[in-house]
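The structure appears right after this line, and notes come after that.
The values are calculated or read from the model by the stated rules, or taken from the named source; none is laboratory data. For clarity, every value in this text was computed on a predicted model and none was experimentally measured. We place every Cβ from the backbone using ideal geometry, glycine too, and count neighbours over all the protein chains shown.
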Amino acid sequence: MRRLGSCGEGRLGCILWMAVLGVGILIAMKAVPVKLTDVEFGDFLEEQAQFSGRTGGDELRRRILKKAKEMEIPLDPKKLKVEKSMRRVKITCSYTVTIDFGVKTYDWLFEHEIDRPIFIV
C-alpha cells in the first residue's frame, strides 16, 4: 500500500530551494546598499546641478568629490566632468564598485549624466 506524504519525500527539493533563497539573500545584502548609495549620490548630483546658480564650476566639482569621499564612492576625479554656463550645468561622472560575493567578485559600473537649467535662489 502506498502512503501519501511519506517521510523523506521532497527533502532534496526543499534543500535546493533553501540554497537558492540563501544565495538570493546574500546577493541582496551586498548589492542593495551599493545601489541605495548610488541613488543617494545621484540625487545629490541633481540637487547640485539644479541649484548651482552662484557656485562656480570648480567649487561645484570640489563639493561633488567631497560628497563622493564621504559616501565612500570610488569616484576618480578624472572621470568627473563639470561644465557650467550662464543658464545650464552639465555633470557627467562614472565609477565602478567591486562587490565581493565570496566565490565571485562583480564590478558594477555606475554612470550619471545630468544636464539641468540653473535656478538662482
**Prompt:** In region 66-113, what residues are surrounded by fewer than 17 Cβ atoms within 10 Å (Cβ to Cβ), part of a strand (DSSP E or B) and of a type outside the set (Asp, Glu)?
**Reply:** Lys81, Arg88, Lys90, Thr92, Ser94, Thr96, Thr98, Ile99, Thr105, Tyr106, Trp108, Leu109
**Asked** Of Phe44, Phe51, Phe101, which residue is of a type in the set (Phe, Trp, Tyr) and out of contact with any helix residue (DSSP H, G or I) (no Cβ under 7 Å at 6 or more places or on another chain)?
**Response** Phe51
**Message:** Checking Trp108 against (1) over 18 Å from the mean Cα position of the chain (by Cα); (2) over 17 Å from Glu47 (Cβ atoms): exactly one of these is not met. Which one?
**Reply:** (1)
**Item:** Members of region 62-111 that are in contact with a Leu (Cβ under 9 Å, 6 or more places away or on another chain) and aliphatic (A, V, I, L, M)
**Value:** Ile64, Leu65, Ala68, Leu75, Leu80, Val82, Val89, Ile91, Val97
**Request:** Could you tell me which numbered condition Phe51 fails, if it satisfies all but one of (1) more than 17 Å from Glu111 (Cβ to Cβ); (2) modelled with pLDDT of 95 or more; (3) surrounded by 12 or more Cβ atoms within 10 Å (Cβ to Cβ)?
**Result:** (2)
**Message:** Where the second residue is assigned to a helix (DSSP H, G or I) and the first is closer than 13 Å to Leu109 by Cβ and lies in region 68-97, which pairs have Cβ atoms under 7 Å and are six or more apart or on separate chains?
**Reply:** Ile73/Thr37; Ile73/Phe41; Leu75/Leu65; Leu75/Ala68; Cys93/Lys79; Ser94/Lys79; Tyr95/Lys79; Val97/Val34
**Residues satisfying the stated conditions in region 6-60, i.e. aliphatic (A, V, I, L, M) and within 19 Å of Ser94 (Cα to Cα)** = Ala31, Val32, Val34, Leu36, Val39, Leu45, Ala49, Leu60
